[in-house]
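Undergrad: Got a structure for you, written out below as structure tokens; questions coming shortly.
The values are calculated or read from the model by the stated rules, or taken from the named source; none is laboratory data. Note that this is a predicted model, so its numbers are computed, not measured. Cβ: placed from backbone, ideal geometry, glycine included. Neighbour counts: every protein chain shown. Surface accessibility is based on the protein's heavy atoms, side chains included, excluding ligands, DNA and RNA. Shrake-Rupley method; radii C 1.70, N 1.55, O 1.52, S 1.80 Å.
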Amino acid sequence: MRYHSTRGQADQKDFAGVLLAGLATDGGLYMPESWPQFSAAELRALRGLPYPELAARVMAPFVAGSIEFADLQAMCRRAYAGFAHKATVPLVQVDTNIFALELFHGPTLAFKDLALQLVGHLFEHVLAQRGEKVRIVGATSGDTGSAAIEAVAGRKNIDITILHPFGKTSEVQRRQMTTVGAENVLNIAVDGNFDDCQDLVKAMFADAPFREEMNLSAVNSINFARIAGQIPYYFYAALNLGAPDREVAVAVPTGNFGNILAAWAARQMGVPISRFIVASNRNDILARFLEANDMSVHGVEPSLSPSMDIQVSSNFERLLFEFQGRDAALTAKTMADFRATGKMTVADEVWHAIRRDFEGFRLSDDETLAEIARSYQESGYLADPHTAIGLAAAREKAPVGLPVIVAATAHPAKFPDAIEKAVGSRPPLPPHLSDLYDRKEVFSRAPNDLAVIETCVRNFANRNV
Ligand SMILES: *Cc1c(COP(=O)(O)O)cnc(C)c1O
């Protein structure tokens, strides 16, 4: 499989090249040259497979030419072996036609583990093939750092440095990052805030000699390998609800648009998903676009569902590319205008075509708490605030009679304060994290100073030499 940039000015790459590059050099995002097709018979043949087997078969066409099928299969098995549920991504009924697809049984209790656990193995494999080493650096406000750390911990030829603002993450978030106990993980608590951390990471990438010396890399959310790792669970859920002989809808709590784009990719590949409900909190740029062709950038306001507190959704560019007829020059122009004006406009026919598949939805914090209480009282189902927005979206927007798959993106124990407000008690951490407070923490502390941070990263890289 070959991959093209959505902006048309970067080299084409194979899967391994896309994995290591992340963003294309023209600022665009990589997309497969075509969507692999699964016939109805091929879909039926996937029914009943254990999740890692199904994932390998669904992803095989994307890695073809870079990775052997048997290797992919082995990596899928290893990536999902540590999940705390035998079904990996169990489907739980919440209402007559509403099903929660639980994507939070991985090590950090959020759906990003599905892609990142696999991406860690893919990096290790491709780096060994090429005889290369990379150093991943990133910054976190607390939420995403642990998923990247868990992805890379113990993998060969990679190490990872994550900067977090000292004293400004929750204790659970910090402990999830600092207690992993792998020798290739360096946590640095920076005397500063999250923006300082992010600026330090940007400055390291901008320091060309340092970037080359260290072979810096990122596992950010625009890497197509992450999208590929999220497509199989939509196959799995739809097959369990009767596909390919029955249509389904999906409702996805959305931030950067990666997860719902994966659902749309599953449809392009043959899974009969006829409706895509984009669920947002008060940061509703996508809902406004889908209501009125108004994609204008507002400030970010904090909400009970912090992983959806976004200003723009970077993966939306991929959908735009598809709906603008894969015209890379037009996509590049649309994105340049968007960056210049803070407002995106697409042609009426493009907007109408997107609306035939996609529908927006927004929910306030109070309504989110009400939905957590409702699904708990009516069905005994405890949803985290992100998942609750998806459940409410499914109740309000689902086409009559169709089963709706709601992406349950985080474990309720990650958001104990919101859950306590909604239902009156705090959910316990699941067994594999119950000793989190007893584990040994390892992290360094450093001033907000680029030279000091670069020295930390370099010394860490040279620790075994
Ligand atoms: C990252 C995240 C989201 C948003 O997913 P996107 O792919 O960025 O749209 C939603 N919920 C949770 C819990 C997340 O961690």
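Undergrad: How large, in Å, is the stretch 257-301 by the Kirkwood hydrodynamic radius built from its alpha-carbon pairs?
TA: Answer for the stretch 257-301: a Kirkwood hydrodynamic radius of 12.0 Å.
Undergrad: Mind giving me the FRET efficiency for H298 and D435? R0 is 41 Å, r the Cβ-Cβ distance, nearest 0.05 is fine.
TA: 0.45
Undergrad: Same structure again: Set the Förster distance to 41 Å, then compute FRET efficiency between E33 and H85 from the Cβ-Cβ distance, nearest 0.05.
TA: 0.70
Undergrad: Around I227, under 13 Å between beta carbons, what's the net of Lys plus Arg minus Asp minus Glu among the other residues?
TA: +1
Undergrad: Per 10 Å bin, what percent of the C-alpha pairs of the stretch 1-60 does each bin hold, from zero upward?
TA: Bin by bin from 0 Å, the calculated values are 21, 37, 26, 15, 1.
Undergrad: Treating the chain as a set of equal point scatterers at the Cα positions, no solvent, please give the Debye-formula log₁₀ I(q)/I(0) at q = 0.09, 0.11, 0.13 Å⁻¹.
TA: For the chain at q = 0.09, 0.11, 0.13 Å⁻¹, log10 I(q)/I(0) is -0.57, -0.89, -1.31.
Undergrad: Ok, one more. To the nearest 0.05, what FRET efficiency results for N462 and D196 with a Förster distance of 22 Å applied to their C-beta separation?
TA: Efficiency at R0 = 22 Å is approximately 0.30.
Undergrad: Quick check on packing: order 284-291, 156-163 by the mean number of other C-beta atoms within 10 Å, highest mean leading.
TA: Sorting 284-291, 156-163 by mean packing, highest first, produces 156-163, 284-291.
Undergrad: If eta is 1.567 mPa s and T is 4 °C, what Stokes-Einstein diffusion coefficient results for the stretch 123-208, Kirkwood Rh from Cα pairs, in µm²/s?
TA: Roughly 97 µm²/s, to the nearest whole number.
Undergrad: Cα convex hull of the stretch 1-129: mean projected area in nm², to one decimal?
TA: 9.6 nm²
Undergrad: Right, another one. Which percent of the accessible area of the stretch 243-358 is formed by carbon and sulfur heavy atoms (probe 1.4 angstrom)?
TA: After summing per-atom areas, the C and S share lands at 50 percent.
Undergrad: While we're looking at this one, here's another question. Tell me the Kirkwood hydrodynamic radius of the stretch 289-414 in angstroms, computed as one over the mean inverse distance between distinct C-alpha pairs.
TA: 16.6 Å
Undergrad: Relative to the present Cα-Cα distance, how much length would full extension add between E171 and T455 at 0.36 nm per residue of separation?
TA: Gain on extension, E171 to T455, equals 99.5 nm.
Undergrad: Hey, what's the Cα Rg ratio for the stretch 359-465 versus the globular rule of thumb, 2.2 N^0.38 Å?
TA: Rounded to two decimals, the normalised Rg is 1.61.
Undergrad: Taking the solvent-accessible surface of protein heavy atoms with a 1.4 Å probe, what is the per residue accessible area of the stretch 1-150 in Å²?
TA: Dividing the accessible area of the stretch 1-150 by its residue count gives 37 Å².
Undergrad: Report the net charge of residues surrounding G22, where surrounding means a beta-carbon distance below 12 angstrom and charges are Lys +1, Arg +1, Asp -1, Glu -1.
TA: +2
Undergrad: Let me ask you something else. Roll a 1.4 Å probe over the protein chains and send me the accessible area per residue for the stretch 183-330 in Å².
TA: 31 Å²
Undergrad: Counting only protein heavy atoms, what percent of the accessible surface of the stretch 85-132 is carbon or sulfur at a 1.4 Å probe?
TA: Carbon and sulfur together cover 50 percent of it.
Undergrad: How much of E42 can a 1.4 Å solvent probe reach, expressed as accessible area in Å² and rounded to 10?
TA: Rounded to the nearest 10, the figure is 90 Å².
Undergrad: May I ask you to work out the translational diffusion coefficient for the stretch 72-156 at 10 °C, viscosity 1.306 mPa s, via Stokes-Einstein with Rh from the Kirkwood sum over Cα pairs, reported in whole µm²/s?
TA: 112 µm²/s
Undergrad: Taking every pair of alpha-carbon atoms in the stretch 225-353, give the share separated by more than 18 Å as a whole percent.
TA: 57 percent
Undergrad: Only Lys, Arg, Asp and Glu count, each charged at its Cβ (+1, +1, -1, -1), so figure out the dipole size of the stretch 194-302 about its Cα centre, rounded to 20 debye.
TA: That gives a dipole near 520 debye.
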